Amino acid sequence: MVKAIVGANWGDEGKGKITDMLAAESDIVIRFQGGSNAGHTIINDYGKFALHMLPSGVFYEHVTNVLGPGTALNINVLLKELAAMEERGVPKPKLLISERAQVVMPWHILLDSCEEERLGGKQFGSTKSGIAPFYADKYYKIGIQVCDLYYPEILKEKIYSVLEVKNLWLTTLYGAPPVDPDQVYVELIKLGEKIAPLVCDTTGFLQKSLKEGKKVLLEGQLGALKDPDHGIYPYTTSSSPLAGFAAVGAGIPPYEIKEIIAVVKAYSSSVGTGPFVSEIFGDEASRLRERGGDAGEYGATTGRPRRMGWFDTVATRYGCKIQGATCLALTLLDVLGYLDEIPVCVSYEIEGYTTQDFPVTPLLSKAKPVYKMFPGWKCDISKIQKYSDLPDNARRYVEFIEESIGIPIKLISNGPRRENVIMRD
Ligand code: GDP
């Protein structure tokens, strides 16, 4: 039985917490795309952790965590996260790395930073983790797979051949120093040795586990609107965060995915540049930002203040549709408890017409939000555990969202901790 947990918005929907909760009843948790460019925040008995590379099941001794072939493996970040967990007394997690996953190379990170700098005011707001150059190289077929680390001759040849071109870019286009291929080679061999006990044929392992009836959780990073095919291109990420891609990026048959839980945030936030129709600014945004998450809405990877906005039914309905969501988890509802009135964006006005359909990027940039106002509940709801105990206005807000998306909300998260959750029948 396979479930996928994926974002319906722009990322940072609180997927980490929901995955952490559902991991408790899973045997396997898999990351299927992306790398250390986004982070999940998890708060549990060991403390607060920002995971970038590790799957969210690492805090459970019974869970096997898998980094699938679709991920962008930054070995240094992975080793640092494992060391930080060990330091804080978390038992060593069970972790498997696909031998077909590709490795983020030092030149990916360098080129990412150099290019953002060159773009100046036109930059995309990259986290500079090397993800765009990494996926570009993967599809350009000059990437390095984890398995290459164990074939020194092949590895050396690949590094030399790639650097011939990359060093030209670095030195001539960006005026940066070249990368030394011998140094990269020696470092990679060492890193390869460190992770060797974790590397295996994860696809074979998963196929066998599914036959044995194991419970599998697919953990998405970022959200639907950041998908390169269906999202707000080019302000997207470089790999697909959609449940449909999860089968590919993890290495499981698509028909095994029985439940797709789209995580939906009770308001909006986004990092990076690009159109964001229901965005708010100034004091209105600061008030929401400071109350958001468990310690304000600041990027888990970069610490950047997130852009804030009201709930957007047009974008979220579209996000849930492209995810193929079978149910929703509504998060961060407690955050809205300070508001007298809560605006919800119900349609877009574009060049004189009104639409409820999410448009292509050039039109999205021209869209103006049309708001409907909802009365606030003006109290702390984080201790509530039963749906019927929520204030009437909070239930009205939840039910409006549910109705406008057309998919049942099965779970409501009303605080950052594991126990802050309301299950709905
Ligand atoms: P992810 O990348 O989708 O996991 O999202 P983040 O890591 O940005 O998580 C959002 C933030 O909100 C984190 O700091 C969580 O601890 C916190 N959080 C998650 N769910 C809730 C919730 O229901 N209420 C509150 N107040 N905070 C939450």
Matching strands (runs of 3 or more DSSP E) fully within segment 220-319 where at least 2 residues are closer than 23 Å to ARG31 by Cα: 257-265, 268-270
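Results for (1) in a helix (DSSP H, G or I); (2) at pLDDT below 95, shown as yes or no for each residue.
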| site | (1), (2) |
| --- | --- |
| ASN76 | yes, no |
| GLU116 | yes, yes |
| GLY121 | yes, yes |
| SER129 | no, yes |
| ALA132 | yes, yes |
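Listed here are the residues, each with its yes/no results for (1) assigned by TED's automatic domain parsing to the domain that holds HIS40; (2) open to solvent by less than 90 Å² (accessible area, probe 1.4 Å); (3) in contact with a Leu (Cβ under 9 Å, 6 or more places away or on another chain); (4) farther than 30 Å from ALA8 by Cβ.
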site: TYR140; (1), (2), (3), (4): no, no, no, yes
site: GLN145; (1), (2), (3), (4): no, yes, no, yes
site: GLU157; (1), (2), (3), (4): no, no, no, yes
site: ASN167; (1), (2), (3), (4): no, yes, no, yes
site: THR172; (1), (2), (3), (4): no, no, no, yes
site: TYR185; (1), (2), (3), (4): no, yes, yes, yes
site: LYS190; (1), (2), (3), (4): no, no, no, yes
site: GLY220; (1), (2), (3), (4): yes, yes, yes, no
site: GLY223; (1), (2), (3), (4): yes, yes, no, no
When ILE342 is evaluated against the numbered criteria (1) of a type in the set (A, V, I, L, M); (2) more than 30 Å from TYR255 (Cα to Cα); (3) within 16 Å of the ligand (Cβ to nearest atom); (4) touching an Asp or Glu at 6+ places or on another chain (Cβ under 7 Å), which criterion, by number, is the only one it fails? (4)
I'm checking my understanding of the structure. Among residues of segment 321-339 that are β-branched (Val, Ile, Thr) and surrounded by 19 or more Cβ atoms within 10 Å (Cβ to Cβ), which one is farthest from the ligand (Cβ to nearest atom)? ILE322
If you check THR313 against the conditions, is it touching a residue at least 40 places away in the same chain (Cβ under 8 Å), in contact with a Gly (Cβ under 8 Å, 6 or more places away or on another chain) and more than 16 Å from the ligand (Cβ to nearest atom)? no
Taking ILE401 and the conditions (1) in contact with a Leu (Cβ under 8 Å, 6 or more places away or on another chain); (2) within 13 Å of the ligand (Cβ to nearest atom), which numbered condition does it fall short on, given that it satisfies the others? (2)
Residues in segment 261-280: is at least one hydrophobic (A, V, I, L, M, F, W, C) and closer than 22 Å to TYR60 by Cα? yes
Reported set for segment 281-324 where residues are within 26 Å of ILE260 (Cα to Cα) and among the basic types (Lys, Arg) is ARG317, LYS321
Report every pair of residues separated by at least 6 positions or lying on different chains whose Cβ atoms are under 8 Å apart, first residue within segment 257-273 and among the charged types (D, E, K, R), second part of a loop (DSSP other than H, G, I, E, B) and open to solvent by less than 10 Å² (accessible area, probe 1.4 Å). LYS265/ASN9; LYS265/GLU13
Taking the condition of being within 23 Å of ALA101 (Cβ to Cβ), without any contact (Cβ under 8 Å) to a residue 60 or more places away in the chain and hydrophobic (A, V, I, L, M, F, W, C), how many residues in segment 166-213 meet it? 3
Please indicate, with yes or no, whether at least one residue in segment 94-101 is hydroxyl-bearing (Ser, Thr, Tyr) and buried (at least 23 other Cβ atoms within 10 Å of the Cβ). yes
Go through segment 1-49 and report how many residues are out of contact with any Lys or Arg (no Cβ under 9 Å at 6 or more places or on another chain), near the ligand (Cβ under 7 Å from one of its atoms) and either open to solvent by less than 10 Å² (accessible area, probe 1.4 Å) or at pLDDT 90 or above (or both). 2
Whether any residue in segment 78-89 is without any contact (Cβ under 8 Å) to a residue 60 or more places away in the chain, outside any helix (DSSP H, G or I), more than 16 Å from the ligand (Cβ to nearest atom) and more than 28 Å from ASP227 (Cβ to Cβ) is what I want to check. yes
Residue that is surrounded by fewer than 16 Cβ atoms within 10 Å (Cβ to Cβ), among the polar types (S, T, N, Q) and over 22 Å from ALA136 (Cα atoms), where the choices are SER286, SER278: SER286
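The values are calculated or read from the model by the stated rules, or taken from the named source; none is laboratory data. Predicted model, so just to flag it, every value in this text is computed and none were measured. For neighbour counting, all protein chains shown are included, and Cβ atoms are generated from backbone atoms with ideal geometry for every residue, glycine included. The area values use the complete protein model at the heavy-atom level, side chains included, leaving out ligands, DNA and RNA. Shrake-Rupley method; radii C 1.70, N 1.55, O 1.52, S 1.80 Å.
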